[in-house]
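Take a look at the structure below.
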Amino acid sequence: MAAPPLTAQDVNQPTGTITVEDSASRDAAIAVRIRDILGELEGYDNVTVTVSSGIVTLRGTTLDAASAARLNNLAGRVEGVVAIENNVSETTDVVERLNPAVDRFKARLAQLLAFLPLIGVALAAFFLVVFIGILLARLRNPWERIAPNAFIADIYRQIVRLVFIVGGLVVALDILGATALLGTILGAAGIVGLAIGFAVRDTVENFIASIMLSIRQPFRPNDAVEINGDEGKVIRLTSRATILLSFDGNHIRIPNSTVFKSRIVNYSRNAERRFVFDLGLAPDTDLAQARSTAEIVIRELPFVLTAPAPSIWINGVGDSTITLRIAAWIDQRETDLFLARGEAIRLLTARFAEEGIDLPEPTYRLLTEANASATQSTPDKPTSREKAVDASPVADTDASAEHALEEIVNAERDALKDSDLLNRDDAKVE
């Protein structure tokens, strides 16, 4: 069954002057010429042509409507055609419509068979280039020597592999003469990569932050740091997070994107570290004597460094106390900060008691006539200078607690050393 034919009104008709003469021979010549042309073209085998008085009548079927409409343009170019009556319709016969598709499939299959040797050469060239890239990426010395750690070295290897894969693809397409496809492939890969990037934006952000932290190396394993308000010792830096061991023994996992954007305080970067504490004095204290005594006591402590020198100053005055602030430096590799500060407070208060430098006593005493006599007869309580004072030698202030935490950190690092981005001991700290 055929579809409705295209009428002459639906298509363009020839233009020009119509002659007054009518010739049967000319009509026959026009019909022969059009039949010869259609015979050379594919898809017009079922089209018949008749010509009468210069009017061309086309009947039959074609595979599609576009081919039928094309007949008007073709017939109108023949000399002597006055008008065109196009009654050609689109065929709906299944066999006729499938035959061209089968022919095209056979032609493409034959073309593929002819291209098989060339395709084989292109594939061989592609795999050869990729194999060279894989061998180069597997080498250890070049990448581990130029990379600050194993993580960056692995990224270098991945980049080398990707470059050689793209290079192999270019070589293969060039052999096949289809380099134009490379732009399409790369464009599609870019769009897919962009979509994936938006979908996993947080993961990508953490990964990029991991790369930057691996390059900058702002801390080493076992460094005591403060990151975004969290304090602890650095266990490891992974591709997603920085893991700390708090001073209470808890694990703290901070996303690398947060670490990269946060203020990082590295307490272990310098061996010297200062401890500070305040001591209150009674209002009637000789401040010059108290300051001199404190300076002598602090300088005599074996764990206090001479350079930078200790600092002691009057820091404030309150209702019933005067605050003396003491600051001194230690080598935190040998001395625990908190133990050193506690020992300094203990010995300083003991020396103040020996020399009669009173600490503040913000207490109030109410006397009445009923208990005045009792108060006078009651022996006075011993003052601070009369109390027994422990002025024994300096207690243990070594960094044993710090060493215990370091052992925990080292044990955890050894358990998962492959996932650490801070493997090198000589990593540069920024």
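In table form, for the structure just shown:
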quantity: Set 102, 82, 95: member being under 21 Å from residue 18 (Cβ atoms), among the hydrophobic types (A, V, I, L, M, F, W, C) and modelled with pLDDT under 85; calculated: 82
quantity: Residue identified as among the basic types (Lys, Arg), out of contact with any Pro (no Cβ under 9 Å at 6 or more places or on another chain), part of a helix (DSSP H, G or I) and under 30 Å from residue 42 (Cα atoms) among 157, 104; calculated: 104
quantity: Number of positions in segment 117-152 that are touching a residue at least 12 places away in the same chain (Cβ under 8 Å) and more than 26 Å from the chain's Cα centre (by Cα); calculated: 12
quantity: Residue 43 touching a helix residue (DSSP H, G or I) at 6+ places or on another chain (Cβ under 6 Å), farther than 30 Å from residue 166 by Cα and outside any helix (DSSP H, G or I); calculated: yes
quantity: Among (1) assigned by TED's automatic domain parsing to the domain that holds residue 337; (2) out of contact with any helix residue (DSSP H, G or I) (no Cβ under 7 Å at 6 or more places or on another chain); (3) closer than 25 Å to residue 337 by Cα, the one test that residue 283 misses; calculated: (3)
quantity: Candidates 173, 194, 186, 182, filtered to the one that is more than 30 Å from residue 422 (Cβ to Cβ), at pLDDT 75 or above and of a type outside the set (Asp, Glu); calculated: 173
quantity: Pair list, Cβ < 6 Å and 6+ apart or interchain, from segment 342-356 residues that are free of Cβ contacts under 8 Å to residues at least 40 places away in the same chain to residues that are polar (S, T, N, Q) and surrounded by 15 or more Cβ atoms within 10 Å (Cβ to Cβ); calculated: 353/384
quantity: Strands (runs of 3 or more DSSP E) completely within segment 197-269 that count 1 or more residues being more than 21 Å from residue 153 (Cα to Cα) and touching a Pro at 6+ places or on another chain (Cβ under 7 Å); calculated: 230-237, 264-266
quantity: Per-region count, segment 49-79, residues of a type outside the set (A, V, I, L, M, F, W, C) and closer than 12 Å to residue 34 by Cα; calculated: 7
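For (1) within 30 Å of residue 213 (Cα to Cα); (2) surrounded by 15 or more Cβ atoms within 10 Å (Cβ to Cβ), each residue gets a yes or a no:
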site: 142; (1), (2): yes, no
site: 145; (1), (2): yes, no
site: 152; (1), (2): yes, yes
site: 155; (1), (2): yes, yes
site: 167; (1), (2): no, yes
site: 172; (1), (2): no, yes
site: 175; (1), (2): no, yes
site: 184; (1), (2): no, no
site: 189; (1), (2): yes, no
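The values are calculated or read from the model by the stated rules, or taken from the named source; none is laboratory data. Everything numeric here is computed off the predicted structure, so don't read it as measured data. Cβ sites come from the backbone with ideal geometry, for glycine too, and all protein chains shown count toward neighbours.
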